[in-house]
Amino acid sequence: MNAETRQTVVVDGLALANEIRDELSEAVNRHVQAGRRAPRLAVVLVGDDPASASYIKGKQRACSRVGMDSEEHDLPGSASQQEIIDVVERLNADDRVDGILVQLPLPKGVDANAVTGAIDPEKDVDGLHAVNAGRLLLGLPCLTACTPLGIMKILECHKIPLEGAQAVVIGRSNIVGKPVSLLLQQKNATVTMCHSRTRDLRAECRRADVLVAAVGVPMLVKRDWVKPGAAVIDVGVSVVDGKLTGDVDTDAVQGVASIVTPHRRGVGPMTITMLLENTLQAYENRTGV
Ligand code: NAP
């Protein structure tokens, strides 16, 4: 087959997520059958941003579907940084709570690093605490950010070769770009991290066997940015004219990429599933079972 006319597989992130959720559900059930309590996630929502509220509801629904417990702590948008940290500290001290997630972004004037830094690293299911970020850098066991974990699962399930592969990550955030670059490097890919100051982004992308776009600029990655046969992971979420749009022109890369994640049912469901996996991991680490 001509490299430019290959069949591109559109990743079904939801189907993959459901398979993993079934396994998580069985694991939770085994704990409960053995007389232990279910894992518990505590979510903290500050302010009344509808998107954040909807993400929190989705995460709690996902918990309940796999038999995990969850609880929500709502604070007004006027809450001070110390008031948010006080809630986090109460949750740290609560032995029934295995995972703590503070929904970002936080209101202006609140230092998100100070808040995530207050979470007990053992309960840091978003993998954002400096201890977990540092352990990831050192290649030590840790709770790792959910979206990067989900991306790695997608690549693994689609049997994308990483050993010696050229991986290009666009974006260098603490929550996606940096951790996914480290995970790809751990799998022996040769990783290039690109960002807003990268000189010739298209040329960097053209070299990629694995291209991860975590930017937030709609349709940034065009067909002629993609090397024939590359695996393309679109993390970006933007809304354009009321429609959900990613960082990749997904339709245009059809026939060039080997796999591509769609804007809907791509990376998103895997991110939530990795949150559940991290909560189970935190529970097992903490209870020693
Ligand atoms: P972020 O913190 O805003 O980081 C964006 C990164 O993109 C930065 O490193 C920035 O470079 C870089 N960038 C911005 N414009 C660029 C350009 N024109 N060319 C090259 N690089 C550019 O964002 P994030 O939190 O990592 O999220 C990225 C996107 O993924 C967002 O759309 C977000 O909504 C989405 N997201 C989706 C999921 C999911 O589960 N699907 C999860 C998390 C995030 P500088 O560092 O130089 O500023």
Check: Roughly what % antiparallel, to the nearest 5, for the DSSP beta bridges in the chain?
Finding: 10 percent
Check: What percentages, rounded to whole numbers, describe P(r) for region 145-267 computed over all alpha carbon pairs with 5 Å bin width beginning at zero?
Finding: 2, 12, 24, 28, 21, 10, 2, 0, 0
Item checked: Antiparallel bridge percentage (DSSP; both residues within region 145-267; nearest 5) -> 15 percent
Checklist line | Spacing of the two label points (7 Å from each Cα toward its C-beta) at residue 264 and residue 197, in nm | finding: 3.9 nm
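Determine the shape class of region 72-144: with a ≥ b ≥ c the square roots of the Cα gyration tensor eigenvalues, call it rounded for a/c under 1.5, and otherwise prolate if a/b is greater than b/c, oblate otherwise.
Details: a/c = 2.51, a/b = 1.52, b/c = 1.65.
Since a/c reaches 1.5 but b/c is at least a/b, the shape of region 72-144 is classed as oblate.
Within 10 Å of each candidate Cβ there may be at most 15 other Cβ atoms; applying that plus a DSSP loop requirement, which trypsin sites (Lys or Arg not before Pro) in region 1-81 survive? Could the numbers behind the result be given before it?
Numbers: sites: 6, 21, 30, 36, 37, 40, 57, 59, 61, 65; in loops: 6, 36, 37.
When the trypsin sites (Lys or Arg not before Pro) of region 1-81 are filtered for loop state and at most 15 Cβ neighbours within 10 Å, 6, 36, 37 remain.
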Checklist line | Cα shape, region 35-123, gyration tensor, a/c 1.5 rule | finding: oblate
Margin query: Ignoring ligands, DNA and RNA, please state the percent of accessible area on region 145-267 from carbon and sulfur, probe 1.4 Å.
Written below: 49 percent
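Work out, step by step, the length gained on full extension between residue 86 and residue 158: first 0.36 nm times the residue separation, then minus their alpha carbon distance; give nm to one decimal.
On the way: separation 72, 0.36 × 72 = 25.92 nm, distance 4.32 nm.
Going from the current span to full extension adds 21.6 nm.
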Check: For the chain, with every protein chain kept in place, what is the accessible area per residue (1.4 Å probe, Å²)?
Finding: 48 Å²
Item checked: Helix-derived mean residue ellipticity, 222 nm - over the chain, DSSP H n ≥ 4, -39500 (n - 2.57), to 500 -> -12500 deg cm²/dmol
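Could you check how much of the accessible area of region 1-122 is carbon and sulfur, as a whole percent, using a 1.4 Å probe? Spell out each step's value before the answer.
Numbers: 3050 of 6480 Å².
Whole-percent figure for carbon plus sulfur exposure: 47.
Would you mind getting me the FRET efficiency between residue 241 and residue 174? Use the beta-carbon distance for r and R0 = 30 Å, nearest 0.05. Walk me through the numbers on the way to the answer.
Values: r = 30 Å, r/R0 = 1.01.
My answer for the efficiency is 0.50.
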Notebook entry, point to check: Helix 267-287 versus the longest principal axis of the chain: what is the Cα-based angle in degrees, 0 to 90, to the nearest 10?
Noted result: 40 degrees
Next item on the list: With a cut-off of 17 Å, note down the residues of region 132-155 whose backbone N falls inside the zone around a label point 7 Å from the Cα of residue 286 toward its beta carbon.
Entry: 132, 142-144
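Run the numbers for residue 52 and residue 207: contour at 0.36 nm per residue of separation, minus the present Cα-Cα distance, in nm. Can you show the working numbers first?
Numbers: separation 155, 0.36 × 155 = 55.80 nm, distance 3.61 nm.
Contour length minus the Cα-Cα distance gives 52.2 nm.
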Notebook entry, point to check: Say each of residue 32 and residue 112 gets a label point 7 Å from the Cα, pointing the same way as Cα to Cβ; how far apart are those two points in nm?
Noted result: 3.3 nm
Checklist line | Under Karplus coefficients 6.51, -1.76 and 1.60, residue-wise ³J(HN,Hα) of region 205-216 in Hz, glycine/proline x | finding: 5, 4, 8, 7, 7, 10, 10, 10, 10, 10, 10, x
Item checked: Set of aspartates and glutamates near residue 187 by C-alpha distance (under 18 Å), chain-local residues within fewer than 8 positions excluded -> 156, 163, 209
Check: Under a point spin-label approximation (7 Å from Cα along Cα-to-Cβ), what is the residue 95-residue 25 distance to one decimal in nm?
Finding: 3.1 nm
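Expressed in whole Å with the largest first, what are the equivalent ellipsoid semi-axes of the chain derived from the C-alpha gyration tensor as the square root of 5 times each eigenvalue?
Values: eigenvalues 218, 90, 63 Å².
Result for the chain: semi-axes of 33, 21, 18 Å.
How high is the relative contact order of the chain, given as a whole-number percent (alpha carbon pairs under 8 Å, six or more residues apart)? Working shown, then result.
Working: 565 pairs, mean separation 64.7, N = 289.
It rounds to 22 percent for the chain.
The values are calculated or read from the model by the stated rules, or taken from the named source; none is laboratory data. Everything numeric in this text was worked out from a predicted model, so none of it was measured. In this analysis, Cβ positions are derived from the backbone assuming ideal geometry, glycine residues included, and neighbour counts consider all displayed protein chains. Surface accessibility is based on the protein's heavy atoms, side chains included, excluding ligands, DNA and RNA. Shrake-Rupley method; radii C 1.70, N 1.55, O 1.52, S 1.80 Å.
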